[in-house]
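As structure tokens, the structure follows; a few thoughts come after it.
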Amino acid sequence: MGEARTGTGAPADGLAPAGLPMPEAGVEAEVAKLLPFLAPGARADLQAEAVRHVLALTGSGPGRALLAGQAALLRALVELAAAAAPAPARDAARALVNLAAEPGLHERLLEAEPALPARLLGRALDPAWPWAEEAAAALANLSREPAPCAALMAALEAEEPGESGLERLVRALCTPDYNARAPLHYLGPVLSNLSQRPAARAFLLDRERCVVQRLLPLTQFSDSSVRRGGVVGTLRNCCFEHRHHEWLLGPQVDILPFLLLPLAGPEDFSEEEMERLPVDLQYLPPDKRREPDADIRKMLLEAIMLLTATASGRQQVRNQGAYLILRELHSWEPEPDVQVTCEKLIQVLIGDEPEPGMENLLEVQVPEDVERQLQQLDHQELEQHTQVRPQELAPEPQAEGATPT
């Protein structure tokens, strides 16, 4: 089923101010001339204009590549992004968002300022900093790659004694109006990226901390698909830890209804079917809408798929009526790749159990040649779904005389 995956970052090309003239490509000497105006103590109006020029450059790939070779300029940009007014901190931070969106520039950014993840983290978690969202967005982009993600994790672990850095991050993400001047939606992708790392997953799945339980309501956070997607990505990555599946599916966490509810629509099930569903999924209003973001729907399905890795997990998912929600989702789903993912999950639930010794699907070793063949079949199947969609699924099988599961 693969390894824990990253969340999304902030887009790179939407942050350059419109109408600002772009410097000519390849004129490195001209770019270097901006450096004195970015220094501390420079005249405020000239400093702001210089930062706007740098921000405009970061709106294109060639511009970002040009700036990547200017280590002193990058250091000055980092200083300004964390500087108090009247420094143009917001535009400097937005420039860092764009630069960090280019994975090939991460090494250059860290070489220019090794403490960049720690400095961005400090501003992102400062409840009084007005540009904390921009700092969080830069962190979301930067932490998509292993080396910067490791540096961010080290910065979190190096926080002062008392409340851990990860606990502060989760608290900021889960607390409404933690920062009255910044929504902090991009802390969701930051946490998702961090959850690639075993140490972060160990923290998130610590049963004494109740972190997962605090994240679950955010799967329905209507104000931001960025925050919602980051939380769903975090939960999905946590589901790779199969030794925690029984706890996640059990009454202490009860994760499944939170994963299924965004996938549910306004369907009117029969009384018998309704009784098989968790209470939170029964008698949904006629205006109930499914998760509108296809990427998030796919991550929700992937999380449920991971929870079916073990025999006991498959049975628990069946027992909570997941098939009913997935059946209706499959009929509705407009995106071919999401529909394919939904079909695979349904097949796991209604198919035969694996042979003895292969019950844990996360521990099955697939030969490389077989894996390549499966990937090729997946690609062919997706192409077929793009061309023509099946009209219906096979009904859920039931043993003769058995109670529905």
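The values are calculated or read from the model by the stated rules, or taken from the named source; none is laboratory data. None of these values were measured; they are calculated from a predicted model. Please note: Cβ atoms are built from the backbone with ideal geometry, for glycine as well, and neighbour counts cover all protein chains shown. Heavy atoms of the whole protein, side chains included, go into the accessibility calculation; ligands, DNA and RNA do not. Shrake-Rupley method; radii C 1.70, N 1.55, O 1.52, S 1.80 Å.
Assuming charge only on the beta carbon of Lys and Arg (+1) and of Asp and Glu (-1), the dipole of segment 98-169 about its Cα centre is about 140 debye to the nearest 20. Atom-type composition of the exposed protein surface of segment 248-361 places 51 percent of the accessible area on carbon and sulfur (1.4 angstrom probe). Averaged over its residues, segment 34-140 has an accessible area of 36 Å² per residue, based on protein heavy atoms and a 1.4 Å probe. Arg171 contributes an accessible area of around 90 Å² to the protein surface, as traced by a 1.4 Å probe with all chains present. Taking segment 82-113 and a reference point 7 angstrom along Cα→Cβ of Ser224, no backbone N atom is nearer than 15 Å. As a fraction of the 1.4 Å probe accessible area of segment 137-182, surface on carbon and sulfur atoms comes out at 51 percent. Straight-line reach from Lys344: taking Cα to Cα under 30 Å and skipping same-chain neighbours fewer than 8 places apart, the lysines in range are Lys288, Lys298. Extent along the principal axes, Cα only, for segment 34-140: 33, 29, 21 Å, with the longest axis given first.
With θ taken as phi - 60° and the Karplus curve 6.51 cos²θ - 1.76 cosθ + 1.60 applied, the whole-hertz 3J(HN,Hα) list for segment 133-150 is 5, 5, 4, 5, 5, 5, 5, 4, 5, 5, 7, 6, 9, x, 5, x, 5, 5 Hz, x standing for glycine and proline.
A 1.4 Å probe over all protein chains sorts Cys239, Cys174 by accessible area into Cys174, Cys239, starting with the largest.
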